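Please treat every number below as a calculation from the coordinates, not as lab data. Here the structure is a predicted model, which is why all the values come from computation and not from measurement. Please note: Cβ atoms are built from the backbone with ideal geometry, for glycine as well, and neighbour counts cover all protein chains shown.
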Amino acid sequence: MNTIELNAASITTRSLILSADGDSIIENKRQRRVAAKFPNAQVEIIPVAYHEVLTESDDIRDAALSTVFDFLSA
């Protein structure tokens, strides 16, 4: 377990985590397990996306950016 995982419950900053569902670089199960420990995290799973959601096809990138803008404006 790394430091972030050990201390995740104490990270209270409102956070948005975009999780690329088809990611083969990041271990999604672990990412989502750690994210679930953040008390103020919103996890958005981006279907069909791979590692870098902002360099995906227009439809995936646009949906991700819309999610980010909605989060920031709330």
Checklist entry - How many residues does the range 30-74 contain that are over 23 Å from Thr13 (Cα atoms), touching an Asp or Glu at 6+ places or on another chain (Cβ under 7 Å) and not aromatic (Phe, Trp, Tyr)? => result 4
Checklist entry - If a residue has to be assigned to a helix (DSSP H, G or I), loosely packed, with under 13 Cβ neighbours inside 10 Å and within 11 Å of the chain's Cα centre (by Cα) to count, how many in the range 1-39 make the cut? => result 0
Checklist outcome for this item: Residues of the range 40-62 being among the small types (Gly, Ala, Ser) and surrounded by fewer than 15 Cβ atoms within 10 Å (Cβ to Cβ), in sequence order, are Ser57
Checklist entry - Are there any pairs, at least 6 apart or on different chains, whose C-beta atoms fall under 7 Å, with the first in the range 61-74 and assigned to a loop (DSSP other than H, G, I, E, B) and the second surrounded by 10 or more Cβ atoms within 10 Å (Cβ to Cβ), and if so, which? => result none
